[in-house]
Each structure stands twice: as C-alpha cells, then as structure tokens.
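Engineer: The structure follows.
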Amino acid sequence: MLSFFKKLDKFESYACQALLCLFVTLLFFQVILRVVFNYGIPWSEELSRFAFVWFVFLGASYAARLSAHNRVTFHLKWLPHRVRVGVELFADVLWIIFNTLMTIKSIEVIESLMEFTFLSPALEWSMAFLYFIFPLSFTLTSIRIIQVNYMKLVMGVAFHDVDDVKVD
C-alpha cells in the first residue's frame, strides 16, 4: 500500500509540473505571436485553459496530501490539542462528504455530456473527457484526506503548519 501512495505522489507531482509547463509555455508563445507577429493561435488559449483547470484540481489533491490545503485554522490554535484534533477530524469528514457529493454530481454531468455530445470550440474535444478531472480530483482528494488523517492519528506523523512563518 505504501508503494501505491508513493507512486500516486509522483504521478500528482509530475502531472502538476507538466501541466504548469504546458500552459505557461502555450501562453508565453501566444503572447509573443500576438505582440510580435499580430497573430494568435485559437486552440492554444483553449488548451492552456484546460491545462490550468487540470493543474488546479490535481494540485488541490496534492495539497491535501501535504496537509497544506487552504483552511482557516488560526482559531483552532487556541484550543486544547485533543479538541483541535477532534474539530479537524470532524471538518475532514464533512470535506469527504462534500467531495463524495461532487464526485457523484460530476459523474452525472459527464454521463449527460456523453449522451448529448458537447465539443470544445477550438479543439473540438468532447467536454465529457475534459470534465473527467472533477470526479478524479475529488476522489483523489478524499483518498488524500483519509491518508493524512491515518498518518496523523495512527502513525503519529506531525505535519508542518504551512501558516507558521519562520523569520530569520
């Protein structure tokens, strides 16, 4: 099971890096073409937008793995440790419920898009395949939430608080 999570870590990391490079490179060349040659490639904007959306949603899953996802926690620092852990666990359960609902609803949208085909304007790709990132990322995020809670509560792993800033 440990090797599965290591492979998943690498997959998410490399996929995010590749998607980031793709959309930054596409946008860079698009700007150069417009400014220098007064010409634009219609499909490049669409592809960079799709790459950005995939990057954001895969990045959200990876951030959940690092226990670095955006959440308001400053008020929890005033609570006793056991209460804080309980509140965070309760919030994570609610988060998993939300992710499950989003996964179910996004699958319904994808099924609808497969039945009534909708193509992207420039690339003419089926939007059903592009929307696949939603159930994928929400499911991965739920897996990562469970993984992090297992690591914290069972294995005793302490994650660095991303809100703590150390000034030298």
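The values are calculated or read from the model by the stated rules, or taken from the named source; none is laboratory data. Since we're looking at a predicted model, the values are computed, not measured. All Cβ positions, even for glycine, are placed from backbone atoms using ideal geometry, and neighbour counts span all protein chains on display.
Engineer: Looking only at region 80-132, which residues are aromatic (F, W, Y), in contact with a helix residue (DSSP H, G or I) (Cβ under 7 Å, 6 or more places away or on another chain) and assigned to a helix (DSSP H, G or I)?
Structural biologist: Restricting attention to region 80-132, the residues satisfying the condition of being aromatic (F, W, Y) are 90, 95, 98, 116, 118, 125, 129, 131-132.
Next, from what is left, pick out any that are in contact with a helix residue (DSSP H, G or I) (Cβ under 7 Å, 6 or more places away or on another chain): 95, 118, 131-132.
Selection gives W95 alone.
Engineer: A follow-up question, please. For the structure I just gave you, tell me whether L119 is surrounded by 11 or more Cβ atoms within 10 Å (Cβ to Cβ), of a type in the set (A, V, I, L, M) and under 23 Å from D9 (Cα atoms).
Structural biologist: Working: surrounded by 11 or more Cβ atoms within 10 Å (Cβ to Cβ): yes; of a type in the set (A, V, I, L, M): yes; under 23 Å from D9 (Cα atoms): no.
It is false that L119 is surrounded by 11 or more Cβ atoms within 10 Å (Cβ to Cβ), of a type in the set (A, V, I, L, M) and under 23 Å from D9 (Cα atoms).
Engineer: Would you point out the residue of region 72-98, among those that are at pLDDT below 85 and surrounded by 14 or more Cβ atoms within 10 Å (Cβ to Cβ), that is nearest to R144 (Cα to Cα)? First the steps, then the outcome.
Structural biologist: Here is the first cut: in region 72-98, the residues at pLDDT below 85 are 72-77.
Okay, now just the ones that are also surrounded by 14 or more Cβ atoms within 10 Å (Cβ to Cβ), so 73, 76.
Numbers: T73: 19, L76: 22 Å.
So the residue we want is T73.
Engineer: Of the residues that make up region 19-42, is at least one under 21 Å from R144 (Cα atoms), at pLDDT 90 or above, part of a helix (DSSP H, G or I) and touching a Ser or Thr at 6+ places or on another chain (Cβ under 7 Å)?
Structural biologist: If we filter region 19-42 for residues that are under 21 Å from R144 (Cα atoms), which is where we start, we get 19.
Filter once more, so that each one left must be at pLDDT 90 or above: 19.
Imposing the further condition that a residue be part of a helix (DSSP H, G or I) reduces the set to 19.
Next cut, touching a Ser or Thr at 6+ places or on another chain (Cβ under 7 Å) only: none.
Looking for residues that are under 21 Å from R144 (Cα atoms), at pLDDT 90 or above, part of a helix (DSSP H, G or I) and touching a Ser or Thr at 6+ places or on another chain (Cβ under 7 Å), one finds none in region 19-42, hence no.
Engineer: Just give me the residues in region 99-116 being without any contact (Cβ under 8 Å) to a residue 40 or more places away in the chain, hydroxyl-bearing (S, T, Y) and either surrounded by fewer than 16 Cβ atoms within 10 Å (Cβ to Cβ) or on the phi > 0 side of the Ramachandran plot (or both), in sequence order.
Structural biologist: S112
Engineer: So if I check each of R65, R34, which one is without any contact (Cβ under 8 Å) to a residue 60 or more places away in the chain and out of contact with any strand residue (DSSP E or B) (no Cβ under 7 Å at 6 or more places or on another chain)?
Structural biologist: R34
Engineer: Counting only residues that are in a helix (DSSP H, G or I) and closer than 20 Å to D9 by Cβ, how many does region 60-79 have? Spell out the reasoning first.
Structural biologist: Looking only at region 60-79, we keep the residues that are in a helix (DSSP H, G or I), and these are 60-65, 74-78.
Still in the running and closer than 20 Å to D9 by Cβ: 60-65.
Total satisfying the criteria: 6.
Engineer: Is it true that V35 is of a type in the set (A, V, I, L, M) and touching a Leu at 6+ places or on another chain (Cβ under 9 Å)? Even if it seems obvious, please write down each step before you answer.
Structural biologist: Values: of a type in the set (A, V, I, L, M): yes; touching a Leu at 6+ places or on another chain (Cβ under 9 Å): no.
So V35 does not fit the description; no.
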